[in-house]
Amino acid sequence: MHQTSATNSAQKVCRILRVLSTPTPLRLVDLCAGADLNKATTLRLLDTLIVEGFVQRDPVSKRYQLGDEALVLGVAMQGRDHLRDRARPALVRLAALSGDTLLLSTRHGLESVCVDREFGSFPIRANYLDLGSRRPLGAGAGSLALLASLPDDEVDTVLNLLAPVFKKRYPRITRELLKREIALARERGYAVLLDVVVDQMGGIGVPILGSDGKPVGAISIAALTQRISSRLSLLAPALLKAGTELSSQYAQRKTA
């Protein structure tokens, strides 16, 4: 787990850019809170990032978002062996099978980040997670699948650090609930979370494991709670198969 320093300017810049990696332009107060920096420091670093083209500020709304230079960095990543490219066929296939919303998430510190999404044909969509959306580990089925795949000592550390976040933003998520759901996820091979993050919505997720057995990502289906709970016999095997195949690809890449 990455450690942050109050005196490291590079880390402060990284924290600002990380907070800005969301589809929604942010207010200065949101940036300060998300990056855990005071207003003066945040403004000073933002001024430099704007000059360098990594951040832009809307003159009307006064909100900040990533600039064109950040886009160039993303373009430079294309063509690499990225999980998103490997998982895309599975997302499309599972969206067609289930009719619901498929999400691909990766872990970044204490958070899971939505890096890809595919809508199915069912008219009620789980469109509350955009590309780049971040959630604390455990808040969502895919995020829970990532958390459940970590060693016990790391799980405990994550839960301790995230306790204030859950209390403030997700009051239904308690340590006891997550410990119970983690145990069930490990037993079944997939995580289920219903009516906890969003009312009448739920999800089922499976981890994608690297060659070292650690989670590199998770695939999840988000849908109405009733559609998840009534079709577990259909959804769970399909997700488990996709997760196993993608995990196997990583193992083969390691030994190639």
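The values are calculated or read from the model by the stated rules, or taken from the named source; none is laboratory data. The structure displayed is predicted, hence computed values, not measured ones. Methodologically, a virtual Cβ is constructed for each residue, glycine included, from the backbone with ideal geometry; neighbour enumeration extends over all protein chains shown.
In the condition set (1) surrounded by fewer than 22 Cβ atoms within 10 Å (Cβ to Cβ); (2) touching a Gly at 6+ places or on another chain (Cβ under 8 Å); (3) not in a loop (DSSP other than H, G, I, E, B), Gly120 is compliant with all but (3). Scanning the range 151-165 for residues that are crowded, with 19+ Cβ neighbours inside 10 Å and touching a strand residue (DSSP E or B) at 6+ places or on another chain (Cβ under 7 Å) returns a single hit, Leu162. The residues of the range 216-255 that are outside any helix (DSSP H, G or I) and either crowded, with 21+ Cβ neighbours inside 10 Å or not assigned by TED's automatic domain parsing to the domain that holds Ala95 (or both), listed by number, are Gly217, Ala218, Ile219, Ser220, Ile221, Ala222, Ala223.
Can we say Arg107 is closer than 13 Å to Val197 by Cα and part of a strand (DSSP E or B)? Considered against the rule, which asks whether it is closer than 13 Å to Val197 by Cα and part of a strand (DSSP E or B), Arg107 comes out as no.
Selection within the range 209-242: residues that are modelled with pLDDT of 95 or more, among the β-branched types (Val, Ile, Thr) and closer than 25 Å to Asp85 by Cα. The member of this set that is nearest to the chain's Cα centre (by Cα) is Ile219. In this structure, Leu184 does not qualify as at pLDDT 95 or above, farther than 20 Å from Leu234 by Cα and of a type outside the set (Lys, Arg).
Residues of the range 42-57 that are in a loop (DSSP other than H, G, I, E, B) and within 16 Å of Asp30 (Cβ to Cβ): none at all. Filtered by the rule that a residue be out of contact with any strand residue (DSSP E or B) (no Cβ under 6 Å at 6 or more places or on another chain) and touching a residue at least 12 places away in the same chain (Cβ under 8 Å), the range 178-192 gives Leu178, Lys179, Glu181, Ile182, Arg186, Arg188, Gly189. Scoring Thr157 on the criteria (1) touching a helix residue (DSSP H, G or I) at 6+ places or on another chain (Cβ under 9 Å); (2) outside any loop (DSSP other than H, G, I, E, B); (3) in contact (Cβ under 8 Å) with a residue 12 or more places away in the chain leaves a single failure, condition (1). The residue of the range 20-38 that is farthest from Val113 (Cα to Cα), among those that are buried (at least 16 other Cβ atoms within 10 Å of the Cβ) and free of Cβ contacts under 8 Å to residues at least 24 places away in the same chain, is Cys32.
Looking across the range 13-43, the residues that are hydroxyl-bearing (Ser, Thr, Tyr) and within 17 Å of Gly67 (Cβ to Cβ) come down to Ser21, Thr22, Thr24, Thr42.
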